[in-house]
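Only the coordinates and a few stated rules stand behind these numbers; no lab work does. Since this is a predicted model, take the numbers as computed values, not measurements. Quick reminder, even Gly has a Cβ in these numbers, built from the backbone with ideal geometry, and neighbours come from all protein chains shown.
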Amino acid sequence: MKVSPALTSYLQIGPLLLVLLLFFGIPLLVVIAYSFFQFDGIDSVPAFDFVNYVDVLTSGVTLSLYLKTLYYAVVVWAITLLVGFTVAYFLAFHVQSLIWQMALFLLCTVPFWTSNIIRMISWIPFLGRNGIFNNALIGAGITQEPLEFLLFSDFAVIIAYVHLFTLFMIVPIFNAMARIDKSLIEAARDGGATGWRIIWDIVVPLSKTGIALGSIFVVTLVMGDFFVVKVMSGSQSASIAMAMSNQIAMVQYPPAAASAVILLIVVSLMVAAILRVVDVRKEIAG
Amino acid sequence: MQKLQTGKRPLSFYALSIFFGLFVLFLYGPMSAIYILSFQGPTGGLTFPMRGWSLHWFDALFSQQRTGDFAGAFTRSMILAVMVLLLTVAISVIAGLAFRRRFVGAAFVFYLAVASLIMPGLLVGLGVGLTFQTLGVQTKWFASALGAQLTWTLPFGMLIMFAVLSRFNRAYEEAARDLGATNWQIFLWVVLPILFPGMIAVALFGFTLSYDEFPRTLLTSGAANTLPMEIWGMTTNVTSPALYALGTVTTLVSFIAIALALGSIAIIQWRRSRPVGNVSSAKEPE
């Protein structure tokens, strides 16, 4: 039996497309449909009503939730970018042995393949009132009283985010940096450029696709998070997704779906803004 | 900054090394603390000091009263992770092959996969959960949760296959064809062996991302919990080192998976890099 090349392509892509449509495409449409349903206090009633959107958009809570979540996203983005860039720069330009480079890179990526929840809770014995930090600070005589702001605070939330998400910056930035022609750096140095000039004028522009990809990952992860903010803030802070998960827990699906659609629009706009600054399409499409 | 090639390291190398060291400490320090704390004595608490050493909390994990159905959740998570692994490898490989040819709709599938990758997990879970509810089908960990997890592992698998296939030399296939191999023989004896290390990498992502998946599984696993859900339940209910014991056991499984995957890739690459001694060993091994 002879199969035409075009048909072969579709047979080969079929399973991927099927899974994505069944468990991503259609569910997304279902969420959009539910966002127009009415909620009568117990059940979701099929309808075409904007009431959920009106409720979300006119609620005073929504704005403060978005401001809080955006605050987390911006702070975490800035920290992970700085740390991720520095680590990737060290790996790409200062570690010369390829084996060492690979080994240290893997050291940074191994936590990605372990549980996020476990990595998050591992901060609890560190940051608590009687935690390792406080004991160390008191032991060293730096403070008399344990610091209260360490756990169940914005500080704890941001530390956990940085801990969980920095490798999403390191991997794409390292990838981009590894492709930079080393002779460019040599040429700049021979031309008398300082280390900072080389970083700013050569390394940063040539690794901007990696920076953009990492930024997309970090921003979308923080914007969609509900469990880190819940545990690490001790339920004292909130994020958009956490408010949504509370609505879902109370089976208020239509309002939750409306929040989901609005969140999706906001996140898409943020991704679009990043893509406007840096076109990463060539990068990921090979 | 001096030349990188010269024997003497520039000052920035040492500064960056220290930064990198601190980052690794930041990455692994808290995790190590909970592994140690999981061996607390029976009277020990959630933080240091250690009150003796024991396996008490691992014991508590398996005695159901305290922690829910750990053994059942563990079994389900393992089965689910293996299912996701097999499907992710199979679907990603053939999808990767499809993308080597141009076909109408390739860009659509590609962007659908990328959107699926960065979609907040809770929204995917909400969508799949609502879709099943609308259809009147009960959510089950081996159906709805399986599908929801695939929307996250398949894009990773696809991107890894892109990277692997971009270095794939098609001359091997043409040589096999010239020697009279059928399409199926070429796939089985030429393409698959060459792609094998990449497939192990995809398998690693499939297994670990499923095994630790939380936001997409939360609303789709139905009545029976998977392990991350069990851990999540414990973070809010259990305030004993049993939580850390669970963390230690879970992470051990992840580490075994990572070691198996990276170890076998390293062995394969090492065998391939060996010089070929005689003609008979030049034959591609199974």
_Simple label model, 7 Å out from Cα along Cβ direction - A:THR109 to B:LEU25, nm_ = 2.6 nm
_Length-normalised contact order for chain A - Cα pairs under 8 Å, 6+ apart - percent_ = 27 percent
*Step through the residues of region B:178-186 one at a time and calculate ³J(HN,Hα) from phi using the Karplus curve (6.51 cos²θ - 1.76 cosθ + 1.60, θ = phi - 60°), rounding each to whole Hz and writing x for Gly and Pro.*
4, 7, x, 6, 7, 3, 5, 5, 4
*FRET efficiency, A:VAL278 to A:VAL74 (Cβ-Cβ, R0 25 Å, nearest 0.05)*: 0.90
*asked:* Starting from the 7 Å offset along Cα-to-Cβ, what nm value, one decimal, do you get for the label separation of A:LEU269 and A:PHE50?
replied: 1.6 nm
*Please work out the C-alpha center-to-center distance from region B:97-118 to region B:181-245 and express it in whole Å.*
23 Å
*Could you list which residues have their amide H under 5 Å from that of A:GLN38, counting only those 5 or more apart in sequence or on another chain, with H placed in the peptide plane?*
A:VAL45, A:ALA47
*Write out the chymotrypsin sites (Phe, Trp or Tyr not before Pro) in region B:160-190 meeting two conditions: DSSP loop, and at most 15 other Cβ atoms within 10 Å of their Cβ.*
none
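Can you give me the relative contact order of region A:1-52 as a percent, contacts being Cα pairs under 8 Å and 6 or more apart?
21 percent
Can you show me the helix-derived [θ] at 222 nm for the protein assembly as shown, built from DSSP H runs with n ≥ 4 at -39,500 (n - 2.57) apiece and divided by the number of residues, rounded to the nearest 500.
When only DSSP H runs of four or more count, the value is -21500 deg cm²/dmol.
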*Specify the longest stretch of chain A that does not include any exposed loop site, a site being one of the chymotrypsin sites (Phe, Trp or Tyr not before Pro) with a non-H, G, I, E, B DSSP assignment and at most 10 other Cβ atoms within 10 Å.*
A:150-286
*Pair B:ILE267, A:LEU18: separation of 7 Å Cα→Cβ label points (nm)*: 3.4 nm
*asked:* Per-residue Cβ counts within 10 Å, from other chains only, averaged over B:194-206: what number is that?
replied: 0
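Where does the longest stretch of chain A lie that holds no trypsin sites (Lys or Arg not before Pro) found in a DSSP loop with 14 or fewer other Cβ atoms within 10 Å?
In chain A, the maximal stretch lacking such sites is A:3-128.
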*Candidates A:THR80, A:THR58, A:THR194: whichever shows maximal mean-square fluctuation once chain A is modelled as a Gaussian network with Cα springs under 10 Å*: A:THR194
*To the nearest whole number, what is the average tally of beta carbon atoms from other chains within 10 Å of the beta carbons of peptide B:13-22?*
4
